[in-house]
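One structure is given below, encoded as structure tokens.
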Amino acid sequence: MSEDQKNEKIDIANTQMIRKILKDISKTKSVIKIWQSYDETHYFAEGFIYQYNGMQDRLEIRAQKGHLFNFDKKKELFFHSPYKQMIFKTKIDRVEDKEVWIYRPSILKIDNSRASERKNFGLQSYHTAILVFDSQDEMKVNILDISEGGMAILINKSQYEAFHMKLKVIVKESSVDQCVGKICIVRNKAPVDKVLTSQLVYRVGFEFLN
């Protein structure tokens with residue numbers, strides 16, 4: 001693995017993985033760096049996840065000794081933890097000088113080398129899957145990458161309109177045995193940078209539910 005690959009960060013949108021990572025951090029009480037508007041205030045605070053059982057949608061963060069949480073509740077908070085070199089942002093539920101309650105983030109960014117094994121097939125992937133919708137309509141798509149927790153597909157603009165957040169589909173057939181029969185839910189979607197491809201194509205990320 002090259003040095004660039006080691007430093008590359010990937011998005012984790014799998015709810016179960018997010019819960020596990022945050023729960024692990026809460027157990028270790030490892031220090032988290034927290035900021036809100038670095039460009040304006042150059043203000044960082046340090047804290048730790050006081051308690052999180054994995055199923056809650058909110059987390060309580062307590063300040064390290066000598067730190068205060070002078071945050072604006074209306075603005076998002078940014079976090080960095082050395083645990084898996086994780087970063088994420090989320091909204092504030094409630095804030096006091098020494099405690100802040102935040103909503104569980106929907107996406108974490110972690111080092112690629114620290115993630116669960118992921119097979120990347122690339123934009124020219126020949127691997128395909130046939131997805132079945134609730135309407136029983138079927139769609140053949142190309143698979144970009146796959147891991148234990150989910151997969152990503154590559155689609156064109158006309159196909160893109162069929163997908164919305166939290167949409168569930170079933171993988172009926174695929175050249176990748178690992179995903180056959182999986183129930184998938186859409187967790188993220190975005191256009192692919194035109195630097196990488198001359199066509200307007202989209203990436204849709206799924207979490208496996210079974």
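Every read-out reported here was derived from the displayed coordinates using simple, explicitly stated rules and does not represent laboratory data. Treat the numbers as computed from the prediction; the structure is a model and nothing was measured. Neighbour counts run over all protein chains shown; Cβ positions are idealised from the backbone, glycine included.
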Inset, instruction - Can you bin the chain into rounded, prolate or oblate? Criterion: square roots of the alpha carbon gyration tensor eigenvalues sorted a ≥ b ≥ c, rounded for a/c under 1.5, prolate for a/b above b/c, oblate for the rest. - result: prolate
Inset, instruction - Could you work out how far apart the two model spin labels at Val180 and Glu76 are, taking each label as a point 7 Å from the Cα in the direction of the beta carbon, and quote it in nm? - result: 4.0
Legend entry - Fully extended contour minus Cα-Cα distance, from Ile87 to Ala190, at 0.36 nm per residue: 35.1 nm
Inset, instruction - Just flag the trypsin sites (Lys or Arg not before Pro) in region 133-185 sitting in loop per DSSP whose Cβ has no more than 10 other Cβ atoms within 10 Å. - result: Lys166
Inset, instruction - Per DSSP H run of n ≥ 4, the term is -39500 (n - 2.57); total these for the chain, divide by its residue number, and report the mean residue ellipticity at 222 nm rounded to 500 deg cm²/dmol. - result: -3000 deg cm²/dmol
Inset, instruction - Can you tell me the 0 to 90 degree angle between the C-alpha axis of helix 15-28 and the longest principal axis of the chain, rounded to 10? - result: 30
Inset, instruction - Quick one: order Ser30, Ser158, Ser125, Ser147 by neighbouring beta-carbon count within 10 Å, fewest to most. - result: Ser158, Ser30, Ser125, Ser147
